[in-house]
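First comes the structure, then the notes that go with it.
The values are calculated or read from the model by the stated rules, or taken from the named source; none is laboratory data. Fair warning: this is a prediction, and the values are worked out from it, not measured in the lab. Don't worry about glycine lacking a Cβ; one is built from the backbone with ideal geometry, like all the others, and counts go over all protein chains shown.
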Amino acid sequence: MNKLGKLKYVGYTALALALMALPALAQAGGGGGGDNAFTVNASKAIGAGIGFGIAAGFAGIGQGLVGKGATEGVARNPGAASTVQTIMIIALALIESLVLFALLIAFVVVGRVS
């Protein structure tokens, strides 16, 4: 085994040990966690923001690809421009509805108090 293989093996072992140690660091139930509700709500807000950002980013990429495909389709067959435009608008509406659904989920996750 070469040096890189050994380094990878040691790195994965350290990662596994660190992940197995997380339950040992958990706070005790009852009166143990004074700021636990704040931490949970903050984590929910951060997670919802990151999740919605990812959804919106990939939706933007998808919309760009739909526009690119529609433009190429019209360039190859100008006679089908109205059909291609109709299909493109439907596809863009479906992509945008998924983004709005992700926004709704983010609001529900943030609004829910544990």
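The residues listed here are 55, 59; of these, the one that is modelled with pLDDT of 90 or more, touching a Phe, Trp or Tyr at 6+ places or on another chain (Cβ under 9 Å) and either more than 17 Å from residue 96 (Cα to Cα) or surrounded by 10 or more Cβ atoms within 10 Å (Cβ to Cβ) (or both) is 55.
Counting residues in segment 13-25 that are part of a helix (DSSP H, G or I), of a type in the set (S, T, N, Q) and either modelled with pLDDT under 80 or surrounded by 10 or more Cβ atoms within 10 Å (Cβ to Cβ) (or both) gives one or more. When segment 58-114 is filtered for residues that are touching a Gly at 6+ places or on another chain (Cβ under 8 Å) and closer than 29 Å to residue 40 by Cα, the ones remaining, listed by number, are 102, 105, 106, 109.
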